[in-house]
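Values in this text are rule-based calculations from the coordinates and carry no lab data. Please read these numbers as outputs of a predicted model, since none were measured by experiment. Note: ideal-geometry Cβ built from the backbone for every residue, glycine included; neighbour counts use all protein chains shown.
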């Protein structure tokens, strides 16, 4: 497309393969409502999705602590968002990844002809998640080992996973929108998982050429994975799980290492007629002029202050053609339902219109927010007089 290289930060409207406008059904299904929001089309009401994870049910009182997450969503009345695998697997010729889990510790060993790198993580039963205790890259030699590892990998379609994914889609029908995480761009994966925040920046400063060579290898692999996922994964939305935040990287680093990569992933997905969204759960305000020009449908986990630093009006002003999936934050959800509703009403009233908005908890819903509180807010969102 003519002029594409100079579009960052100018509110570039990337041509989408789906219709922008269309008739509004007075009673949309959950899937129809979600996709209308993602595509910036008018819809019957605002979608509402409280983001519950595996840690949520065990923290609740007995009526809910033994319920499945889907059942809690149904009790609340949520517009559910379900996730499936990407349907892509990585295959190595000379390199391999070995995983050993025992006694709450996960050990991942990356084997390459030139050596090995080891990653350790501990399982936290309260949050039901793994937290890295040792990153695989600590030295310049480790960078080169990991580069060899990524250079050796090639992705391929996982047809068995794709068949299971299609069955899951059929089972949920119109009662949920389906997403799939398809990877994380090189800089963010480097900072979060490969080197860790402090070491990542020190190594990038001291061994810039080596780290950039690793990024090249990672980008080659992920771009091909996006292309394959766009062909075989049946999800309604494909996600890059970026976890972007200016508390982890600078705007300059984002411009240098993320924008170009994500633009290529977005172009690959769009060329295949797919919707690509970015999970960006951190502080984003300084990045909004840059991400406005990316060929993606929207931003998920768009988090308001004080946890994030972006309000809905910030996002709509600087990114007028992007769906904003978020609008609140964990601290807000620890207040009574009436206070949550008052803040959401102020933030929604500030908008010029309500197309392209999905109201969510921003990041994961804090367990301190009880199901009754969430349901009260859900019922209010369903009656909010959205302007389309």
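Please work out the FRET efficiency for the pair residue 343 and residue 94, using the Cβ-Cβ distance as r and a Förster radius of 56 Å; give the result to the nearest 0.05.
0.55
If I fit a long axis through the Cα atoms of helix 197-206 and take the longest principal axis of the Cα atoms of the chain, what angle between them do I get, 0 to 90°, rounded to 10?
50 degrees
Test of understanding: ordering 377, 226, 364 by Cβ neighbours within 10 Å, fewest first, what list do you get?
Values: 377 24, 226 27, 364 20.
If I rank by nearby Cβ atoms, fewest first, I get 364, 377, 226.
Once fully extended, how much extra length lies between residue 212 and residue 167, figured as 0.36 nm per residue of separation less the alpha-carbon to alpha-carbon distance? Numbers along the way, then the final one.
Numbers: separation 45, 0.36 × 45 = 16.20 nm, distance 4.03 nm.
Using 0.36 nm per residue and subtracting the Cα-Cα distance, I get 12.2 nm.
With springs connecting C-alpha atoms under 10 Å apart, model the chain as a Gaussian network and identify which of 105, 225, 264 has the largest mean-square fluctuation.
The residue that fluctuates most here is 105.
Would you mind checking the radius of gyration and Dmax of the range 76-132 based on alpha-carbon positions, in Å?
16.4, 54
For a quick size check, give me the Cα extents of the chain along its three principal axes, largest first, whole Å.
61, 57, 41
Please list, in order, the residues from the range 300-337 whose amide nitrogen is less than 14 Å from a point placed 7 Å along the Cα→Cβ vector of residue 368.
306-307, 329-337
Once you put a point 7 Å from the Cα of residue 350 and another 7 Å from the Cα of residue 174, both along the Cβ direction, what distance in nm separates them?
Here the answer is 3.6 nm between the modelled labels.
Work out the FRET efficiency for residue 29 and residue 387 from their Cβ-Cβ distance, taking R0 = 22 Å, and round it to the nearest 0.05.
E(calc), rounded to 0.05, equals 0.50.
Could you work out the relative contact order of the chain? I mean the mean sequence separation of Cα pairs under 8 Å and 6+ apart, divided by the number of residues, in percent.
22 percent
Working only with C-alpha atoms, what are the Rg and Dmax values of the range 144-198, expressed in angstrom?
Cα radius of gyration and Dmax of the range 144-198 are 16.6, 47 Å respectively.
Name the residue, out of 378, 323, 128, whose mean-square fluctuation peaks in a Gaussian network model built on the chain with Cα pairs under 10 Å.
Result: 128 has the largest fluctuation of those listed.
Mind jotting down the three principal axis lengths of the range 71-216 based on Cα atoms? Whole angstrom, largest first.
52, 35, 31
Taking the Cβ-Cβ separation of residue 256 and residue 63 as r and a Förster radius of 45 Å, what is the calculated FRET efficiency to the nearest 0.05?
Using R0 = 45 Å, I get an efficiency of 0.30.
Tell me the mean residue ellipticity at 222 nm calculated for the chain from its helices only (DSSP H runs of n ≥ 4, each -39500 (n - 2.57), averaged over every residue, nearest 500).
Per the formula, -10500 deg cm²/dmol.
Could you give the distance between the Cα centres of the range 291-327 and the range 371-388, to the whole Å?
Measuring centre to centre over Cα atoms gives 20 Å.
Taking all pairs of distinct Cα atoms, average 1/r, flip it, and tell me the Kirkwood hydrodynamic radius of the range 269-317 in Å to one decimal place. Spell out each step's value before the answer.
On the way: mean 1/r = 0.0873 Å⁻¹.
Averaging 1/r across every pair of different Cα atoms and inverting gives 11.5 Å.
Quick one: compute a quarter of the convex hull surface over the Cα atoms of the range 48-96 and quote it in nm².
The orientation-averaged projected area of the Cα hull of the range 48-96 comes to 5.3 nm².
In what order do 190, 130 fall by count of nearby beta-carbon atoms within 10 Å, going from fewest to most? It would help to have the intermediate numbers written out before the result.
Working: 190 27, 130 15.
If I rank by nearby Cβ atoms, fewest first, I get 130, 190.
Using only Cα atoms, tell me the angle between helix 140-152 and the longest principal axis of the chain; keep it within 0 to 90° and round to the nearest 10.
The helix 140-152 is inclined about 70 degrees to the chain.
Could you line up 313, 108, 249 from fewest to most neighbouring Cβ atoms inside 10 Å?
313, 108, 249
Can you tell me the convex hull volume per residue for the range 168-261, based on C-alpha atoms, in Å³ to the nearest whole number? Present the calculation step by step, with values, prior to reporting the outcome.
Values: hull volume 10.3 nm³, N = 94.
Given the Cα convex hull of the range 168-261, per-residue volume reads 109 Å³.
Measure of size requested: the Rg and Dmax of the range 244-388, with Cα atoms as the atom set and Å as the unit; please supply both.
Here Rg and the maximum Cα pair distance are 15.7, 45 Å.
When the convex hull of the Cα atoms of the range 33-126 is projected onto a plane and the area is averaged over all directions, what value comes out in nm²?
One quarter of the hull surface, i.e. the mean projection, equals 10.1 nm².
State, to one decimal in nm, how far the label point of residue 160 lies from the label point of residue 220, with both points 7 Å from Cα in the Cβ direction.
Label at residue 160, label at residue 220, 2.9 nm between them.
Once you compute Rg and the Kirkwood Rh from C-alpha atoms, what is the Rg to Rh ratio for the range 113-189?
Rounded to two decimals, Rg/Rh equals 1.10.
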